[in-house]
Amino acid sequence: MTDFTSLLFQETNKMFKSTRKGFMIILCCTVIVMVVFRYSVHLNFSQLLDFHFLSVKNHLALVSGNIAYIATSMKNIAIDPQITRIMTVINTTIPQKDTMHFKETTSALNSIAIIFNYKPNYCVGDTLIVQVEMFNHLGKRKTYGGDFLLARIFSPKLGAGASGRIEDFNNGTYNIYFTLFWEGRVQISILLMHPSEGVALLWKGRNLGYNYIGYTGLFIHKNQEVHTECGFYLNSQQDECEYTNRKYREVFHCIKLPAIPCEALISLKSWHRDYTYLSNANKTLLSLSNIGIEIPKRVGSINVLKCAKTPMTVTSKCRIGTSLPFPSGYFLNNQWFPSHCNLSSFEPLLNINKCLAGKMIYLMGDSTMRQWIEFFSKVLTNLKFFDTHRPGWHMTHMAYDLQNNIYIQWKKHGHPFVAPNFYGVRDHSYISSELDQLAGGSYTIVVIGVGQHFRPFPLPLFIKRLLNIRRAIENLFLRSPDTKVIIKSENTREFEQDVERFSNFHGYIQYLLLKDIFSGLNVGIIDAWDMTTAFDSRNPHPPEPVVKSQINLFLSYIC
């Protein structure tokens, strides 16, 4: 059986060695994709990705509409064959179960979770195995997998939590493995986020086009202020302004207005289109009453003791370039402890001034990265913000600590940026281009966090962005190998917010892709998905204990 992680990483590496082959290669690859989807072997996505939260059944799931989408999107977002092959691998893992009656779909309340290796007491360091048997709304046992689950153990009084590793047997049975990191009474939570049939619907809808989000562009010319439609793909016969990053082949469009030059674009804002790719019947699967439902358990909690047989102390320092296990750590007293390295006997935050002295820190990404610079301002008492004379939270933030010679900047990532209020685009640039502008050096630290704003758009757009960022990081390391780069994955968010566009399923697929595409690079990884699942955070902006823990780990990487 093909190893998904190895295959995806091979395709990533090819991205940086290939040359442009022109239209004929694109055409040939499109034909190959269609053939592959008819005749390719099954893959087990959940097992080949270290049994993370999501389990999806190994079905061939690329419907004819998605094939047409991939072919047309070659033009729309300049996809190359490497991205097509990555999409091919992912599509073979998504269950194709989107036409069944609601009562035949997975029911959380009819399903059951039992402790597979039950005993009266466990030791810290033991593995707890919970087996889940899935049934549909008719009470019949499910015969295939692919359900999207979130699993965690927790102890509320201890401020403790950790994620579970899920194994899908593709027959309606799942094993969930929990490492018991702390002593005390430990509770178990297993949520059915979406049935496998809902997973298929979400995947199909996401990759059929760009109609979930619209953009309005603000142009100012000779004191005249006008608005026009913008986006990655405009279904219009009118002339268009094309804004192209030629090096990385990133393209964005606006409808051109008469007598208004394209260079007059000042700002953009987004809006949610009243559009769906799903039928009313299919939407039932994505209703709020069917999302994030707890699966009943025969045992509500277990007792964990501190035994002499299994020491849990990790002595190695947290280092950049280390591959993270899963789960990568746990919360205790609302503080994150990595499972693979030692944060030391004190919080790195206590030594933050010395750690960051003389450093230039570039935070690039979405508003979860902006949370970092806001947190830094609370713990670095000499840090002062520079007034950039720009309105809104999405303006570039720059802060200085002249006493300790510290510079910190947050800048939003390039398109797509989803925000209901106008934001400036004159200083708008892609992360790959920002990285190209850095000289780098031992005093330069880059932290990158992308994901949330990409969820409403076809996945090839996100794949392309990650590949471009990886290419820019590799170039940065060529000229400045001692530059430190940290990648923060995206986090979970609320369950009920516009599920078709922003479901955590979309975020989870992106989370897995990010880990795969950046594997093998000498970068540090902050697993925000693992952290927010363990903490049970249900907000696009995690609470302060999570942000503090992320920065703690960041400091341990660089100090």
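The eigenvalues of the Cα gyration tensor, multiplied by 5 and square-rooted, give the stretch 161-215 an equivalent ellipsoid with semi-axes of 34, 17, 9 Å from largest to smallest.
Were the residues from Ile255 through Met100 laid out at 0.36 nm apart, the gain over their Cα-Cα distance would be 51.7 nm. Take the Cβ atoms of Tyr443 and Ala419, set R0 to 30 Å, and the FRET efficiency comes out at 0.40.
Computed from the C-beta positions of Arg538 and Thr127 and an R0 of 25 Å, the FRET efficiency is 0.40 to the nearest 0.05.
Note on surface exposure: Ser519, Ser537 rank Ser519, Ser537 by accessible area, highest first, 1.4 Å probe. The equivalent ellipsoid that matches the C-alpha gyration tensor of the stretch 387-453 spans semi-axes of 23, 16, 10 angstrom, in descending order. Multiplying the residue separation of Leu138 and Ser189 by 0.36 nm and subtracting their alpha-carbon distance yields 16.0 nm. The order of Glu183, Glu240 by accessible area, most exposed first and with a 1.4 Å probe, is Glu183, Glu240.
Can you tell me the FRET efficiency between Lys378 and Asn334 if r is taken as the Cβ-Cβ distance and R0 is 22 Å, rounded to the nearest 0.05? It comes out at approximately 0.85. Other residues with beta-carbon under 13 Å from the beta-carbon of Leu305 carry, at +1 per Lys or Arg and -1 per Asp or Glu, a net charge of +2. The residue among Ser287, Ser328, Cys307 whose Cα reaches farthest toward the positive pole of the charge dipole of the stretch 255-360, with charges on the beta-carbon of Lys, Arg, Asp and Glu, is Cys307. Taken over the C-alpha atoms, the stretch 262-318 has Rg and Dmax values of 25.8, 70 angstrom. Estimated at the nearest 10 Å², the accessible area of Asp126 is 20 Å² with a 1.4 Å probe. For Val523, the amide hydrogen comes within under 5 Å of the amide hydrogens of Gly321, counting only partners 5 or more places away or on other chains and with H modelled in the peptide plane. Each of Lys269, Lys140, Lys306 has its accessible area taken with a 1.4 Å probe; listed largest first, they run Lys306, Lys140, Lys269. A 1.4 Å probe, protein heavy atoms only, puts the accessible area of Lys411 near 30 Å².
For the stretch 518-531, backbone phi angles converted through the Karplus equation (6.51, -1.76, 1.60; θ = phi - 60°) give residue-by-residue couplings of 8, 5, x, 8, 7, 10, x, 10, 10, 7, 5, 5, 4, 4 Hz, Gly and Pro being listed as x.
Taken along the Cα-to-beta-carbon direction at a fixed 7 Å, the label points for Ser301 and Asn351 span 3.7 nm.
A probe of 1.4 angstrom, applied to the heavy atoms of all protein chains, finds Cys230 with accessible area near 0 square angstrom.
The values are calculated or read from the model by the stated rules, or taken from the named source; none is laboratory data. Keep in mind that this is a model prediction, so the values were computed, not measured. For neighbour counting, all protein chains shown are included, and Cβ atoms are generated from backbone atoms with ideal geometry for every residue, glycine included. Accessible surface areas use protein heavy atoms only, side chains included; no ligands, DNA or RNA. Shrake-Rupley method; radii C 1.70, N 1.55, O 1.52, S 1.80 Å.
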